[in-house]
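Values in this text are rule-based calculations from the coordinates and carry no lab data. On a predicted model such as this, the values are computed, not experimentally measured, just so you know. Neighbour counts are summed over all protein chains in view; Cβ atoms, including those assigned to glycine, are modelled from backbone coordinates with ideal geometry.
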Amino acid sequence: MNIQTIKHFFLSFLSHFSITVPIVYHLRDHRGDLISIFNRRGVRSAIVDIFDSQRKPIGRVEFDELKVIITFKGTVFTEDDSYPVTTEFLFEDADVKGLLHLSSFNNAITYHNSFRSMHNEVAKLDEPISTDTGKVALSLMTILYYVRWNSN
């Protein structure tokens with residue numbers, strides 16, 4: 001980021017603490033094609049709006065910004081349903097019933113031939129990424145990693 005004004009300095013300073021800066025994030029695949037867009041709004045109670053590649057709203061994530069240091073608790077809303085999210089950052093596991101499962105420890109035995117390192121975290125999405133619910137799940141996974149990375 002090119003810091004030329006006090007506004008850029010302030011946004012750069014806040015971005016090192018958590019996902020507190022209201023910036024638009026683009027999630028792309030390995031070819032560079034846009035999968036989803038999400039942006040954060042709100043001050044204490046964070047709301048992350050999720051859009052598809054045509055900027056149609058497909059979901060949102062709501063969580064309390066001040067309580068994400070050790071535990072992430074929030075709710076994911078899609079067009080069809082809502083999903084409670086609870087994850088402990090110390091153990092790096094998340095199980096959102098019907099949406100996604102992130103785990104470093106409790107993986108199926110079929111994954112062990114592909115991932116031999118104990119430090120690999122395996123994500124299992126319950127819906128394909130081509131669906132809106134799958135895009136929301138992938139965006140949630142990205143948000144969880146981003147918040148975890150910035151809170152350490």
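Structure values in brief
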{"quantity": "Peptides 75-86, 24-35 ordered by average Cβ neighbours within 10 Å, highest first", "calculated": "75-86, 24-35"}
{"quantity": "Paramagnetic label zone (point 7 Å from Cα along Cα-to-C-beta, Lys56; backbone N under 18 Å) in region 124-149", "calculated": "128-139"}
{"quantity": "Distance between modelled label sites at Ile70 and Ser82, nm, 7 Å Cα→Cβ extension", "calculated": "2.6"}
{"quantity": "Full-extension gain in nm, Tyr146 to Asp33, via 0.36 nm per residue minus C-alpha separation", "calculated": "38.6 nm"}
